1. Using +1 on the beta carbon of Lys and Arg, -1 on that of Asp and Glu, and nothing else charged, what's the dipole of the range 149-202 about the Cα centre, debye to 20?
2. Taking θ as phi - 60°, what are the ³J(HN,Hα) couplings along the range 172-185 by the Karplus curve (6.51, -1.76, 1.60), each to the nearest whole Hz, with x for Gly and Pro?
3. Give me the number: length gained by fully extending Gln196 to Thr255, i.e. 0.36 nm times residue separation minus the C-alpha to C-alpha distance, one decimal in nm.
4. Tell me which label goes with the value of P(r) over Cα pairs in 10 Å bins from 0, in percent computed from the coordinates here: [x] 7, 30, 33, 20, 8, 2, 0; [y] 6, 24, 23, 15, 14, 11, 5, 1, 0; [z] 7, 27, 32, 20, 8, 3, 2, 1, 0.
5. In what order do Phe71, Phe253 fall by count of nearby beta-carbon atoms within 10 Å, going from fewest to most?
6. Classify the range 21-169 as rounded, prolate or oblate from the Cα gyration tensor: take a ≥ b ≥ c as the square roots of its eigenvalues, call it rounded if a/c is under 1.5, otherwise prolate when a/b beats b/c and oblate if not.
7. Give the order of Arg44, Arg35 when sorted by the count of other beta carbons within 10 angstrom, beginning with the fewest.
8. So how strong a dipole does the range 47-154 carry about its Cα centre when Lys and Arg Cβ are +1 and Asp and Glu Cβ are -1, to the nearest 20 debye?
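Where a number appears in this text, it was derived from the coordinates with a stated rule and is not lab data. Every value quoted in this text rests on a predicted model; they were computed, and no experiment measured them. In this analysis, Cβ positions are derived from the backbone assuming ideal geometry, glycine residues included, and neighbour counts consider all displayed protein chains.
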Amino acid sequence: MTRTGLLLVVVLAVAACGGCATGGSRPAEELGDVRGEWVVTELRRDGEVVPIPPGTDGTLTLDDRLSGRAFCNGFGAQAYRIDGDRLVVEELAQSLIGCAPDIAELERLYLDALTASDVRLRREGDQLLVNGGGVDVRLVPRPPTQDADLAGRWQLSALSTRETASSPLHAAELELRPDGTVGGTTGCRAVRGTWQVTDEQLVTADVVADGECPGEAAEQDGHVLDVLRQGGTVRIVRNLLVLTAPDGLGLQFTTG
């Protein structure tokens with residue numbers, strides 16, 4: 001996957017839709033509580049299944065704000081509401097990482113569905129269905145994160161703030177060992193410490209880095225160390241791990 005060194009933020013304006021057809025959606029009282037984190041399992045365009053490559057993930061979180069991952073880039077909106085079975089998103093901010101063509105097409109279709117003027121939500125058992133702009137998206141609840149899910153070697157794929165994300169300038173990795181110890185690099189220095197997961201929060205201790213990190217690698221080094229020392233909310237979907245510290249800084253890792 002090709003990535004750019006810098007991510008821009010694009011704001012997609014979404015117009016509200018009045019009097020749109022429901023497209024066979026269930027009555028509003030049957031939608032229930034859809035708050036939480038969801039993982040995309042299927043995407044269809046005009047009824048045809050669009051393949052999702054292995055190791056590629058789309059997610060959606062409906063909470064105080066709407067956010068998620070569009071298979072490659074992250075997105076978020078401070079202002080959204082659910083009126084009956086209608087999803088109304090007033091603004092959607094998207095980070096821009098260069099993506100492989102097939103992933104970029106998946107991303108476009110997914111965001112088209114979320115930002116269409118006729119977006120509808122409905123439930124089928126424990127699944128959530130999103131329909132908009134001729135695109136159907138099927139999602140399931142994200143399972144809770146456990147220690148065993150995180151254990152392993154992870155490659156740094158992005159550094160993020162509350163507003164933007166960027167690709168790392170230097171290869172870095174994080175190793176979360178089953179014995180509770182941390183290893184890896186920031187891109188220029190080795191790091192070590194301890195870790196555990198408590199209530200889906202990554203709790204670290206004694207995270208230190210050996211030596212010094214001068215020059216252009218220092219900024220990435222500082223970002224990685226800051227997040228690892230804070231710990232924070234941890235989310236994992238198949239091969240993607242997202243760690244968000246309390247101050248809004250974040251790291252994204254993949255398994256390969």
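1. 280 debye
2. So the J values, rounded to whole Hz, are 9, 9, 10, 10, 9, 8, x, 7, x, 9, 10, x, x, 9.
3. Details: separation 59, 0.36 × 59 = 21.24 nm, distance 1.89 nm.
Additional length available on full extension: 19.4 nm.
4. Answer label, from the structure shown: [x].
5. Values: Phe71 26, Phe253 23.
In increasing order of surrounding Cβ atoms, one gets Phe253, Phe71.
6. Because a/c hits 1.5 or more and a/b exceeds b/c, the range 21-169 counts as prolate.
7. Values: Arg44 16, Arg35 11.
Lowest to highest Cβ neighbour count: Arg35, Arg44.
8. Numbers: 11 positive and 18 negative charges, 21 e Å.
Charge dipole, the range 47-154, about its Cα centre: 100 debye, nearest 20.
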